[in-house]
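Shown next, in structure tokens, is the structure this report addresses.
The values are calculated or read from the model by the stated rules, or taken from the named source; none is laboratory data. Here the structure is a predicted model, which means the values were calculated and not measured. Note: ideal-geometry Cβ built from the backbone for every residue, glycine included; neighbour counts use all protein chains shown. Just so you know, the surface numbers come from the protein's heavy atoms only, side chains and all, with ligands and any DNA or RNA stripped out. Shrake-Rupley method; radii C 1.70, N 1.55, O 1.52, S 1.80 Å.
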Amino acid sequence: MIDKRVADIAEAVADIPDGATVAVGGFGEAGSPTELIHALIDRGARGLTVIANNAGNGHVGLAALLEQGRVARMICTYPRSSHSEVFEAVYRAGEVALEVVPQGTLAERLRAAGAGLGGFYTPTSVGTPLADGKETRAIGGRDYVLEYPLHADFALIKAERADRWGNLTYRLAARNFGPLMCMAAAATIVQAREIVELGGIDPETVVTPGIFVDRVVGVPDPISERAAILRGDRYP
Amino acid sequence: MKQPGLTRNQVAWRIARDIPEGAFVNLGIGQPVLVANFVPAEREVVFHSENGILGMGPEPPEHAEDEDLINAGKQPVTLLPGASLCHQADSFAMIRGGHLDLCVLGAFQVAANGDLANWSTGAAGAVPGVGGAMDLAVGAKAVYAMTDHCTRRGEPKIVERVTYPLTGRGAVDRIYTDLAVIDVTPAGLAVREIVAGLDLADLQERTGAPIAPADRLGVLEAPAL
């Protein structure tokens, strides 16, 4: 029997080692797998490379992982926000390296990794500092920049509903990078608000097919990062 | 005497007048989001948000916010009937693939050849971040820049060549400022409208690249907003 369910969130992240590359879903607070990140903090892995759209807010979730000094390198599109003081502090202190990637390029690099492609040419960033040192090629009279796939060792993803095969649905705009990161990681770990019986998700509405998912853990009442930031919560 | 010039809401109103029925539109973070407030109710326009929303509606009433439903600026929004949700690769396929009719972006600088700088001032020590700016600049069928004509220090933001880090080459098709509406054409900057109280020579003084009148030069005006 295929059963990707893991009873305990600590067990779900127990094999993430020092130096791992971890893709973290979410766009701002929408889709942030906050409980999985907190379990990763408890687990203690260091020297991580984190792939995420943003770089955390307040002092919970990804911001807490950064504040605890666990991240050596961030690959993201937009680390600044109204509550991103932790990232700004560790970046200015030289404690974390930053690779800025255009958002569509980040998405497509993850997709390319998941889809078994060796790279792709994109018109995005041609002539800009973010294309420095990259191959540029004219195709059909237009210039494109060569971008390579972005693989992760692990992905931490928040879903709305899952079954024991790992089929997933997401909620509203919390979907964002989830389906792509699930494909791009060697081991995809999902926290789901609800775990249903096999067949409990209409096949027509499955967003991420279970083949892209390795572990599922139920988190029925996930932390609202927005509320946690307003309260000034800190983790641990 | 009051300086001539439109307020930001008035510029947003002016841009909204040029958005055609049936258009798929992305509004950049900052000033451009104001444009959505002024699209006439009878005109069906579909707003895209790069975090994966097509058919985005206005901000919800207080206490009805949902943290899973935010726009690219991470502000709470709503879904209109007919809306759809997608992941980031599909959302940026809509952008890069030329499926959006129009994108309105803020600008630090726009050059006479349409080069756009809007993602970084290049200041030492600043934390860089690009988001979807470079994808939007190259992808939409038309890109309008919405910007103050000059900086607070009075320096022109429309220039011969951008000095800030580039967002996209030749990206901008039309510039809307508090003082003028200007087309970027192969022959150079063509002024379509100037605010009352300024003539072309006054506008040239405030512009860092040569301008010429378009075939028809009108008055840039908007109702009190």
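Scanning segment B:155-168 for residues that are away from chain A (no Cβ under 13 Å) and of a type in the set (A, V, I, L, M, F, W, C) gives B:158, B:159. If you go through segment B:169-213 and keep only what is over 14 Å from the mean Cα position of the chain (by Cα) and within 14 Å of chain A (Cβ to nearest Cβ), you end up with B:169, B:170.
Pairs linking a residue in segment B:117-135 that is within 8 Å of chain A (Cβ to nearest Cβ) and farther than 26 Å from residue A:144 by Cα to a residue that is open to solvent by less than 10 Å² (accessible area, probe 1.4 Å) and not basic (Lys, Arg), with Cβ atoms under 6 Å and 6 or more positions apart or on different chains, are B:127/A:79.
Looking only at segment B:206-225, filter to residues that are open to solvent by 30 Å² or more (accessible area, probe 1.4 Å) and in contact with a Pro (Cβ under 9 Å, 6 or more places away or on another chain); which one of those is farthest from residue B:5 (Cα to Cα)? Taking the candidates together, the pick is B:208. Here residue B:130 clears all of (1) closer than 21 Å to residue B:46 by Cβ; (2) open to solvent by less than 10 Å² (accessible area, probe 1.4 Å); (3) part of a loop (DSSP other than H, G, I, E, B) except the condition numbered (1). Per the listing A:119, A:141, the residue uniquely open to solvent by 30 Å² or more (accessible area, probe 1.4 Å), at pLDDT 95 or above and over 30 Å from residue A:39 (Cβ atoms) is A:141. For the residues A:72, A:107, A:112, A:63, the requirement of being touching a residue at least 24 places away in the same chain (Cβ under 8 Å), outside any helix (DSSP H, G or I) and either open to solvent by 10 Å² or more (accessible area, probe 1.4 Å) or under 26 Å from residue B:71 (Cα atoms) (or both) singles out A:72.
Of all residues in segment A:24-33, those satisfying the criterion of being out of contact with any Gly (no Cβ under 7 Å at 6 or more places or on another chain) and within 12 Å of chain B (Cβ to nearest Cβ) are A:26, A:27, A:28, A:29, A:30. Residues in segment A:150-197 that are open to solvent by less than 10 Å² (accessible area, probe 1.4 Å), of a type in the set (S, T, N, Q) and assigned to a strand (DSSP E or B): 2 in all.
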